[in-house]
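Note sheet for the following structure.
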Amino acid sequence: MRVLILSQYYKPEPIPKPAELAEELSHKGYSVSVVTGLPNYPTGVLYPGFRLGLVQRETADGISIARTFEFPYHGTNPIGRILNYISFMITAPLGSFFVPRCDVMYVWHPPLTVGVAAWLIARLHAIPFIYDVQDIWPETVVLSGMLRNKLVIRMLSRLERFVYLRADHIFVVTRGARENLLEKGVNPEKVSVMPHWIDETKAAQIDTETRQRVRQAYGWTNKFVSLFAGNIGIVQGLQAVVQAAALLPRDGGFLISLIGDGADKQRLRELAKSLDVVDRIQFLDRHPAEEMPVLMEAADTLVVHLKNAPMAHWVIPTKIFAYLSAGRPILMAMDGAGADLVRDSGAGIIIPPEDATALSQGIRALRDLPPENRAAMGRRGREYLLTNFSKRAVLAQYEQKLRMVARRANGPRDLVKT
């Protein structure tokens, strides 16, 4: 079977799923190719070693990759975001002519505009596609504050339905997301709930000496460190996290560390200065993905925060799986499926989102627990993750669905051979 993966984001950007799927399928003997954009997420700045151009070709791990032009931007200006999304939507179909023919296409969403590119590629090459919906649009964009124009929102809603109607199959992360799509008229038979996964082969934990060395390097020695890792954007609602720092005692040994980049980072820095909490909150730049597990394991607790909105019932932030793998207690400040995951695993405590008081109290409560109780939380979460979300088991489901969709479109011929 020949598989094309279409995603505006691909490594070295910190969106691991498209690349992990591509590499796993390639290792299994499938012919895999990728059409993606120029790496600039989450800062909006083009990564070193890349240059602006219409189409750039490369090969990595036996995978043929075509990178097509996109306007590099990931700030809060709506015009910049529109140019970023639209530019890739226009150039991605061109990139499909620079990779081998395929039997089926897997499409990573967001943004919604990638769905239009997928439809065009499917028409140009007469292939089916699976649309993997990670964020529900336009609701997510409205929540981010970037979009308020009612006419544009209606247009995006129509575009959303256009893409859903033309996709051969749709993946969503949660049952709530599936219900959202069904309410919009999507055929229930073509919507599957497909969970995230964790690579169990990379889930080894660090030793005590390494943990102490990392804590010393980042100024965490003798502090109770609450770590948030990932995109520091509008949707994450991290203003409450900065405000929670102001409610923690100045001499209590508390530190909140935010690691990552994003559209809201500068505003949060300024808020921290205005609240005079720079001694209790730390902003670190984004680190390579391979360095993050060590940092997570070196922290005392790991924070998930998302704005209080219906969207929380439709998504499970991928960072939760990395947190569970790290074996540290989780402070979950969101509702919905992500909270259910922490609740079911017994991996931490759940508090209301956008509530600085509850967040500061949650941090104190975890600090006051005996160390063995915190260790038990982390251990339960890690065991639950490895039992229910192993990469091998989940990717087998992806492979099965890709083969099903390809077989429907291409007939019963052998799709395993490349």
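Here are some notes:
- These residues, 335, 207, 251, go from largest to smallest accessible area, 1.4 Å probe, as 251, 207, 335.
- The alpha-carbon atoms of region 184-331, seen along their principal axes, cover 57, 38, 23 angstrom, with the largest extent given first.
- Within the shell defined by Cβ-Cβ distances under 12 Å, the residues around residue 61 carry a net charge of -3, with Lys and Arg each +1 and Asp and Glu each -1.
- Under conditions of 20 °C and 1.002 mPa s, region 1-131 yields 148 µm² s⁻¹ as its translational diffusion coefficient, taking Rh as the Kirkwood radius over Cα pairs in the Stokes-Einstein equation.
- Centre separation in Å (Cα based) which lies between region 12-31 and region 66-145: 18
- Kirkwood analysis of the chain, using all unique Cα-Cα pairs, places the hydrodynamic radius at 22.2 Å.
- Accessible surface for the chain, divided over its residues, is 42 Å² per residue with a 1.4 Å probe.
- Student exercise, the chain dipole from Lys, Arg, Asp, Glu Cβ charges, in Debye to nearest 20: 880
- Fraction of accessible area attributable to carbon and sulfur, the chain (%, probe 1.4 Å): 53
- Think of it as helices only: each DSSP H run of n ≥ 4 in the chain is worth -39500 (n - 2.57), and spread over all residues that comes to -13500 deg cm²/dmol at 222 nm.
- Sequence of 73, 106 from largest to smallest accessible area, 1.4 Å probe: 73, 106
- Accessible-area value, residue 161, 1.4 Å probe, nucleic acids and ligands omitted, Å²: 100
- Here residue 193 sits with roughly 60 square angstrom of accessible surface, probe radius 1.4 Å.
- Residue 279 accessible area, assembled protein chains, probe 1.4 Å, Å²: 60
- Kyte-Doolittle mean at least 0.5, axial Cα span of 15 Å or more - DSSP H helices of the chain: 78-95, 113-125
- Fraction of antiparallel bridges per DSSP, the chain only, in percent to nearest 5: 10
- Antiparallel %, DSSP beta bridges [both residues in region 10-91], to 5: 55
- These residues, 101, 175, 51, go from largest to smallest accessible area, 1.4 Å probe, as 175, 51, 101.
- Taken about its Cα centre, region 227-300 carries a charge dipole of roughly 320 debye when the Cβ of each Lys and Arg holds +1 and the Cβ of each Asp and Glu holds -1.
- Averaging the Cα positions of each part gives two centres, and for region 152-224 and region 249-277 these lie 26 Å apart.
- Cα gyration tensor, region 282-418 - rounded (a/c under 1.5), prolate or oblate: prolate
The values are calculated or read from the model by the stated rules, or taken from the named source; none is laboratory data. Computed from a predicted model, the values in this text were never measured in an experiment. Cβ coordinates were reconstructed from backbone atoms using ideal geometry, including for glycine residues, and neighbour counts include every protein chain displayed. Just so you know, the surface numbers come from the protein's heavy atoms only, side chains and all, with ligands and any DNA or RNA stripped out. Shrake-Rupley method; radii C 1.70, N 1.55, O 1.52, S 1.80 Å.
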